[in-house]
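The values are calculated or read from the model by the stated rules, or taken from the named source; none is laboratory data. This one's a predicted model, so the numbers in the text were calculated from it and none came from an experiment. In this analysis, Cβ positions are derived from the backbone assuming ideal geometry, glycine residues included, and neighbour counts consider all displayed protein chains. For the accessible areas, the whole protein counts, side chains as well, though only heavy atoms, and no ligand, DNA or RNA atoms are used. Shrake-Rupley method; radii C 1.70, N 1.55, O 1.52, S 1.80 Å.
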Amino acid sequence: DPHHGTRDIWLLDLSRGGASRLTFDPGADDMPVWSLDGRQVAFKSERNRSFGFYQKSSSGSGPEELMLSGLNPGAVPYGWWRDGKLLVYSASSPSLKAGEDDLWLLPWAGDRKPVPILQMPFSQVQGAVSPDGHWIAYVSAESGRGGQDEVYISPFPSGDGKRQVSVSGGVEPQWRRDGNELFFLAGKRDLMGVEFDTEREFPPDD
């Protein structure tokens, strides 16, 4: 926004070309994520000296809706799950050091009270839920090797057990549409792909 010196969310039409502005608030808007049906966009915004998550129709019609307020500056939304009824995000917890975050789930129904997914004595970020909703990939420096980030997967939403996927650093995990391969960036931004059978790695409970 040239008038306020802050960022706004824009939509780029990949089929017909052209861009349209989605947000107009003078506050800084960033970190947009699509709902699964493409009808909504959730994003982070700083308004009235407070950080929060908002959502707005991708058509641009209607007002923006506050999803969660009182967030720390480092909070990030990562994606929707279960038909847009749950939002995965990272934010700090009182038990963590400054700059460290846990992964959370924000229900978009009922009391809308955030639920922790992974809470450990180190940072977990960049959460990506598998298409079948059984697993979550995330990034953490828990390996202790000079603070190097690695990619892990864990059962979702229980978080019971984990497996390290990357071996020489990894960030930005994303699942293939069928859920049988996980992509991530490693080393000098090399794109990596790992195929595995999640049922074999994490046997289901009887």
Heavy-atom accessible area of LYS85 with all protein chains present, probe 1.4 Å, nearest 10 Å²?
110
Reachable lysines, given that their alpha-carbon falls under 27 Å from the alpha-carbon of LYS113 and they are not under 8 places away in the same chain
LYS44, LYS56, LYS85, LYS97, LYS162
In order over the range 50-63: 3J(HN,Hα) from phi, Karplus 6.51/-1.76/1.60, θ = phi - 60°, whole Hz, x for each Gly or Pro, gives 9, 8, x, 9, 10, 9, 8, 4, 5, 6, x, 7, x, x
Modelled label-to-label distance, TRP34 and SER61, 7 Å Cα→beta-carbon offset: nm?
2.0
Give the share of C-alpha pairs in each 5 angstrom bin for the chain, from 0 to the last occupied bin, in whole percents, shortest bins first.
1, 7, 14, 18, 18, 17, 13, 8, 3, 1, 0, 0
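With all protein chains present and a 1.4 Å probe, how do TRP108, TRP10 order by accessible area, largest first? Before the final figure, lay out the partial values.
Details: TRP108 45, TRP10 145 Å².
Ranked from most to least accessible, the order is TRP10, TRP108.
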Please enumerate, by chain and number, the lysines with C-alpha under 17 Å from the C-alpha of LYS188, excluding those fewer than 8 residues away in the same chain.
none
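At 1.306 mPa s and 10 °C, plugging the Kirkwood radius over alpha-carbon pairs of the range 1-120 into Stokes-Einstein gives what diffusion coefficient in µm²/s?
On the way: Rh = 15.2 Å.
In µm²/s, the coefficient is 105.
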Relative contact order %, the chain, counting alpha carbon pairs below 8 Å whose residues are six or more apart
9
Is the range 1-57 rounded, prolate or oblate when judged by the Cα gyration tensor, a ≥ b ≥ c being the square roots of its eigenvalues, rounded requiring a/c under 1.5 and prolate requiring a/b larger than b/c?
oblate
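Once you sort the root eigenvalues of the Cα gyration tensor of the range 37-94 as a ≥ b ≥ c, which label holds: rounded (a/c under 1.5), prolate (a/b larger than b/c) or oblate (the other case)? Don't skip to the answer; put the middle values down first.
Details: a/c = 2.78, a/b = 1.34, b/c = 2.08.
Cα axes put the range 37-94 in the oblate bin.
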In Å², what does the accessible area per residue of the chain work out to with a 1.4 Å probe?
57
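Which FRET efficiency value, to the nearest 0.05, do you get for ASP197 and PHE24 by plugging their Cβ-Cβ distance into 1/(1 + (r/R0)^6) with R0 = 45 Å? Display every interim value, and only then the final one.
Numbers: r = 47 Å, r/R0 = 1.05.
The formula returns an efficiency of 0.45 here.
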Nearest 500 deg cm²/dmol is fine: what mean residue ellipticity at 222 nm does the chain get from its DSSP H runs of n ≥ 4 alone, each adding -39,500 (n - 2.57), divided by its residue count?
-500 deg cm²/dmol
